1. Gaussian network model of the chain, Cα springs within a sub-10 Å range: biggest mean-square fluctuation belongs to which of LEU332, LEU57, LEU373?
2. Lys/Arg Cβ at +1, Asp/Glu Cβ at -1, dipole of the range 237-339 taken about the Cα centre: which of PRO318, THR280, ALA247 is farthest positive-ward?
3. Between ALA173 and THR266, what is the FRET efficiency for a Förster distance of 30 Å, r being their Cβ-Cβ separation, to the nearest 0.05?
4. Applying the Karplus parametrisation 6.51 cos²θ - 1.76 cosθ + 1.60 with θ = phi - 60° to the phi angles of the range 129-141, what ³J(HN,Hα) value in whole Hz is obtained for each residue in order, glycine and proline being reported as x?
5. For LEU371, put the label point 7 Å out on the Cα→Cβ axis and report which residues of the range 320-344 keep their amide N under 13 Å from it.
6. Nearest 10 degrees is fine. How inclined is helix 82-96 to the longest principal axis of the chain, computing both from alpha carbons?
7. I'd like the FRET efficiency for LEU32 and THR305, computed as 1/(1 + (r/R0)^6) with the beta carbon distance as r and R0 of 25 Å, rounded to 0.05.
8. Taking the square root of 5 times each eigenvalue of the Cα gyration tensor, what semi-axes in Å does the equivalent ellipsoid of the range 31-95 have, largest first?
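The values are calculated or read from the model by the stated rules, or taken from the named source; none is laboratory data. What you see is a predicted model; the values in this text were computed from it and never measured. Positions of Cβ are generated from backbone atoms using ideal geometry, with glycine treated the same way; all protein chains shown enter the neighbour counts. Only protein heavy atoms, including side chains, enter the accessible area calculation; ligands, DNA and RNA are left aside. Shrake-Rupley method; radii C 1.70, N 1.55, O 1.52, S 1.80 Å.
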Amino acid sequence: MRMHPLLLVGLTVWAAPAPSLLGEGAYRAQVLKAFAAQRLRAGARQEALFGVFRQPLSTREREALQFLIAGMPLSDLGEARGEELLAAVRATHAALDRVPWGSRLPADILRHYVLPLRVNNEPVDGFRVALHRELLDRVRGLDMARAVLEVNHWCHERVTYQSTDGRTSAPLATLKTTFGRCGEESTFTVAALRAVGIPARQVYTPRWAHSDDNHAWVEAWVDGTWRFLGACEPEPALDRGWFAEPARRAILVHTRAYGPYGGPETVIRTTGGSAELNLTARYAPVKEVPLRVLDSAGRPVAGATVDFRLYNYGEFYPLASRTTDAEGRTSLATGRGTLLLWARQGQAFGHHVLPGEATTPVTLTLDRRPLDLHIDQVPPPEPPARPDPLP
């Protein structure tokens, strides 16, 4: 096992035999198939991206590189360099070997939420290689929960909230400017947590149901359980934040899992090498109404797209889209607020207004009927306040 030589001094090594990142069955075959497809897609970038495989690599390093490349969106495939990926992989392994939780992480949690350098749509940079040693010093001797809190304090010391444009800056750029909106603060905090081997993911509600706006925060995997926190907004305990009560009225909360996904959480869609996961039930009461799409003759429509739209910022914003099966059926677990369901295939479309408490099955007919703009938009009800457990 390769060790970063600069990390061997003054740090406790918790190295233990690591399980195979990819396993030996169908999931491994899925990743290697995606990796082979990426190699063909990379074209003239063979040497820059794949030349790294000609040098001696441990099985641990090789599998990590294969997984990272298999899940790359085209933007990364056109810019990433194999040697830089290898440096990040070795920094990741060095951190995992030096924290007590490093040997306890399940392979699926490790590959989707620790290994990836990408969090959302930010440029990928050298944050992990540059800063993992500084962050490891901050969490030395701490258990996993306290380490999450300490990393968030580190993030708060360096980045504060300020509204920016729609593009998400890379973690090192955010560190340099010292500010960012919630999307950048959460990207920065996820990058910092992953740098010390703590599984982390950006959690996002694309639009609030009770007011205009949206929000992003962070979940960290602590001893087998996902816990939430406000990025760069340290609290004295986990599962706290100013957004905790609004999230109980959320209509949709989701996250992205990098790479080919085989985990237990519900996949909304798969795109660009990652899976979008539905986390709404972790925060708010949900309903999942069975939907069926028919054509004007009453026949089931396979492959139709159903948009789940929420009125926010003066538009019916598409929160998520689902595709119907061979029987024209689909569904999505959402919060209990009013939604506009918009079904489409080719030039045909149909719609239905779904009240917040509706639970009976819905049929959408692609009849091109004009939309009745008189819609009573009712947000999910405000739940009773929870007691604050802190003294």
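1. Result for the chain, Cα springs under 10 Å: LEU373 fluctuates most.
2. The listed residue farthest towards the positive side: ALA247.
3. Numbers: r = 33 Å, r/R0 = 1.11.
Given R0 = 30 Å and the Cβ-Cβ separation, E is 0.35.
4. 5, 6, 10, 5, 5, 4, 5, 4, 4, 6, 9, 4, x
5. The answer is 339-344.
6. Result, in degrees: 80.
7. Here the calculated transfer efficiency is 0.20.
8. Numbers: eigenvalues 68, 29, 26 Å².
Over the Cα atoms of the range 31-95, the ellipsoid semi-axes are 18, 12, 11 Å.
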